[in-house]
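Since the structure comes first, as structure tokens, the remarks are kept for the end.
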Amino acid sequence: MIRTKVGSIRRRALRGSRRTLGRTRARARRRLGRTGARRLGRVGQRLRRLLALGLPTAWGAVAVTYKLVCPLAQQNGLGARIATCAVFFAVGTGLVLHVRRGLLRELRQIRKVAGAAQGVLLRPLPPRVDGLAVAAAQFSADRGAGVGGDLYEVIGTEHGVRVVMGDVRGHGLAAIGTVAAVLGSFREAVHDEPELPGVLRRLERAMSRHLRERAKAEHPSSGLDPDSPVAEEFVTVLLLEIAPDGEVRALNCGHPWPYLLRTDEVPAGVRGAVEHLGPGDPLPPLGLFPLPAELPVVPCGRLLPGEALFLHTDGVEDARDGAGRFFPLTAVLTDTVRARPASPKAVLATLLTRLLAHADGFPGDDVAVLVLRNDREESLPARDNRMAHHSAP
């Protein structure tokens, strides 16, 4: 009995030591693998550096050797001169191609890093947010830039779905800092502030801080100089809050009002299938003047199931064709709603196709569009009230 217990204890200890040894060996292999990968990476970097320096050196050595050693290079005949020119032309072409290859490699790397940063700044929106179908698109007026001076965001909160659409003064890469300041503040404020005016106050403070920091960076010895270009920076902002029952409330700081798109299922009343919402005068843009003490929220009615809101920046309406005519936004939206159901993706596809064709491929300003369709199920009392509203004389 005692021998049996001792043997079992020995076997258990042996199995434990084997497991420990196996784990130690596995960890050692992983460490060796990581060390080998690092060594290979360093060797690869050294080889690339040697090639970057070695190829131009080799081309230069070929040219110098030909000039000093080759007998043909010492002759003054026409054939010798042609041969010399051909050699030096080949050397120059090789150097140019080598430099071009390096520049293209660096450009691809820069675009890769910039694309990742721009994706974090203006991240793709989800297809649905709290029962709302969402689709958005934007492009910068600067060729090669993925993000410009336009901004948008849709976030579902306990206070409702909150939306921001903005347009920074200017366009392209120069406006990205302001876009980052406004979007960062909005993404935090929508969850913290129970009322829409509180969100707008937070955006105003974020814009003021951004302008002060930018002015200090450009002019460390002084504050915000009234004659400085920073003092003229501003951003137009449209804030929307869509309640669970579809009630829409807004605060507008100098931004274009959205359009309401109705479906074929709802009989078009006096206002038609496409309605430009403009219930009041907008507030001043952020950055130019302080906001007033009172920020009255503007009611915009209800977004019924099947209806959609179309938000845009002024780059859409300001796009011109070769004859100087502005883009007919209302007419294009009307044709889109009549042609097919007002799905967000269909609206965006049709509108952007018509816009690019109107502007000959590239508008002169940043463009951003956002479509929100109410896909929530409608309650029976709300449906009865809507039908009574449409049947009333």
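Scanning region 119-128 finds no residues that are of a type outside the set (S, T, N, Q), touching a Ser or Thr at 6+ places or on another chain (Cβ under 7 Å), modelled with pLDDT under 80 and in a loop (DSSP other than H, G, I, E, B).
Name the single residue that is surrounded by the fewest Cβ atoms within 10 Å (Cβ to Cβ) among those in region 44-97 being basic (K, R) and at pLDDT below 65.
R49
Here A339 fulfils each of the conditions (1) modelled with pLDDT of 85 or more; (2) out of contact with any strand residue (DSSP E or B) (no Cβ under 8 Å at 6 or more places or on another chain) apart from (1). Here A308 passes the criteria (1) closer than 23 Å to D281 by Cα; (2) in contact with an Asp or Glu (Cβ under 8 Å, 6 or more places away or on another chain) except the one numbered (2).
Please work out which residue is modelled with the highest pLDDT, limiting yourself to region 133-178 and to residues that are among the basic types (K, R) and surrounded by fewer than 21 Cβ atoms within 10 Å (Cβ to Cβ). Ranking the candidates gives R169 first. Scanning region 330-351 for residues that are surrounded by fewer than 16 Cβ atoms within 10 Å (Cβ to Cβ) and either within 20 Å of H276 (Cβ to Cβ) or in contact with an Asp or Glu (Cβ under 8 Å, 6 or more places away or on another chain) (or both) yields a total of 6. Of all positions in region 100-107, none carries a residue that is open to solvent by less than 90 Å² (accessible area, probe 1.4 Å), at pLDDT 75 or above and more than 43 Å from the chain's Cα centre (by Cα). Exactly one residue out of P299, P292 is more than 21 Å from A135 (Cβ to Cβ), at pLDDT 90 or above and not in a loop (DSSP other than H, G, I, E, B), and it is P299.
Within region 305-329, if we keep just the residues that are more than 15 Å from Y259 (Cβ to Cβ) and of a type in the set (A, V, I, L, M, F, W, C), the residue that is surrounded by the fewest Cβ atoms within 10 Å (Cβ to Cβ) turns out to be A323. For region 352-363, does any single residue satisfy the condition of being within 30 Å of E247 (Cβ to Cβ), assigned to a loop (DSSP other than H, G, I, E, B) and among the charged types (D, E, K, R)? Looking for residues that are within 30 Å of E247 (Cβ to Cβ), assigned to a loop (DSSP other than H, G, I, E, B) and among the charged types (D, E, K, R), one finds none in region 352-363, hence no.
The values are calculated or read from the model by the stated rules, or taken from the named source; none is laboratory data. Keep in mind it's a predicted model, so treat the numbers as computed, not measured. Virtual Cβ from ideal backbone geometry, glycine too; neighbours counted across all protein chains shown. Accessible surface is based on the protein model in full, side chains and every heavy atom, while ligands, DNA and RNA are left aside. Shrake-Rupley method; radii C 1.70, N 1.55, O 1.52, S 1.80 Å.
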